[in-house]
Amino acid sequence: RTGRSTEPVVLVGGGNDTAFRAEVPGTRSEVVSPVVPLGARSLRVANPGLYAPGQAVIVWQPSTEAWLASVNYGDTVDATEAWRPGEIDLRYHRYITAIDGDTLTLDAPVYDRLDRSLAQSVVYRYDVTGTVFHAGIERVFVDIETEGETAETHAWDAVRFVQAENCWARDVHTRHFVQAGIKFGGTVTRSTAERCRAVDPHSTVAGERRYNFATYRAQLVLFRHCYATKARHAYISNGASLDAGVVFLDSVDEANLLTSEGHRRWPQALLY
């Protein structure tokens, strides 16, 4: 891309980040299981008649004062950083695979313990309007023109997925981005980056930059056989509590400046 646009060079998906809040009206039901254990694929609801197998749902646990206290506010001790109610809600995007009485069986587990005595979780049908399914980018070289190694007047992301499901990047080579070569951004699920390269970012070395392979409010994502150079955080989850079930498999980084990590505020089920 020539010129000086900071927008993504390639955008795949609907482009509207709903943060998994898009709710079909009239489909909310309380979870009545006293506890849904970490790793559970089933839960009981007050009104199972609202649902049918095959439907997309969100399992939502609000971050109440009681729940935050139970996890010691994420060990944030600075008053300016302390987590506050409503700030890090858990929302799991799932499909119903079966219904037996008041029990819904889901296609993937929950990745945190849902305790009704600490927070009242609910289920609601997810509104998929605008979501793009089964779209991919393959065998593309995204070479971003810049004004130099510390410039930031060019594209921040080379390839960004937003509001997408069952999508992929394969054999994609990116360089000279500010933030990410491949980013699974807002409201992305069940997607893959395979045999991709994100190298030689051009930016200052500072926060919010050089996250070569990144998730940001994305769930059930796989990075496999990828390669990064000169990153601050080469393989990173940065979507707070809405990132869950992300796998970084058989991938390499060189000349990395900091760690690959779950970057902040309760990402769950990250496998390196």
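The values are calculated or read from the model by the stated rules, or taken from the named source; none is laboratory data. Just so you know, these numbers come straight off a predicted model, no measurement behind them. Glycine also receives a Cβ, built like all others from the backbone with ideal geometry; neighbour counts cover every protein chain displayed. Side chains are part of the model used for accessible areas, which takes the heavy atoms of the whole protein and leaves out ligands, DNA and RNA. Shrake-Rupley method; radii C 1.70, N 1.55, O 1.52, S 1.80 Å.
Label positions at ARG84 and ALA98, each projected 7 Å from the Cα along the C-beta direction, are separated by 4.5 nm.
Magnitude of the charge dipole for the chain, about its Cα centre and with charges confined to Cβ atoms of Lys, Arg (+1) and Asp, Glu (-1), is about 380 debye.
In the context of the full protein assembly, LEU258 retains an accessible surface of approximately 90 Å², using a probe radius of 1.4 Å and ignoring ligands and nucleic acids. Placing a pseudo-label 7 Å from each Cα along the Cα-to-Cβ vector at GLU147 and VAL247 gives an inter-label distance of 4.4 nm. Using only side-chain charges placed at the Cβ, +1 for Lys and Arg and -1 for Asp and Glu, the dipole size of region 1-91 relative to its Cα centre rounds to 440 debye.
Excluding ligands, DNA and RNA, the accessible surface per residue across the chain is 42 Å² with a 1.4 Å probe. GNM, the chain, Cα, under 10 Å: largest mean-square fluctuation among ALA46, ALA240, ALA193? Maximum among the listed residues: ALA46.
With K and R counted +1 and D and E -1, the other residues having a Cβ less than 11 Å from that of TYR124 yield a net charge of +1. Mind checking which of VAL123, GLN55, LEU68 is farthest towards the positive end of the chain's charge dipole, using Cβ charges of +1 (Lys, Arg) and -1 (Asp, Glu) about the Cα centre? The Cα lying farthest towards the positive end belongs to GLN55.
If you take all other residues with their beta carbon under 10 Å from the beta carbon of ARG190, and give Lys and Arg +1 and Asp and Glu -1, the sum is -2. Computed over protein heavy atoms with a 1.4 angstrom probe, the accessible surface ordering of GLU149, GLU165, largest first, is GLU149, GLU165. Only protein heavy atoms count here; under a 1.4 Å probe, PHE133 has an accessible surface of about 80 Å².
Counting DSSP beta bridges with both partners in the chain, what percentage is antiparallel, nearest 5?
In the chain, DSSP labels about 30 percent of beta bridges as antiparallel.
Here the accessible area is traced with a 1.4 Å probe on the protein chains. For the chain, carbon and sulfur cover 50 percent of it. Charging the Cβ of each Asp and Glu at -1 and of each Lys and Arg at +1, and nothing else, the dipole of region 117-234 about its Cα centre rounds to 440 debye. The alpha carbons of region 133-195 give a radius of gyration and a Dmax of 12.3, 37 Å, in that order. The 1.4 Å probe gives accessible areas that order SER117, SER241, SER42, largest first, as SER117, SER42, SER241.
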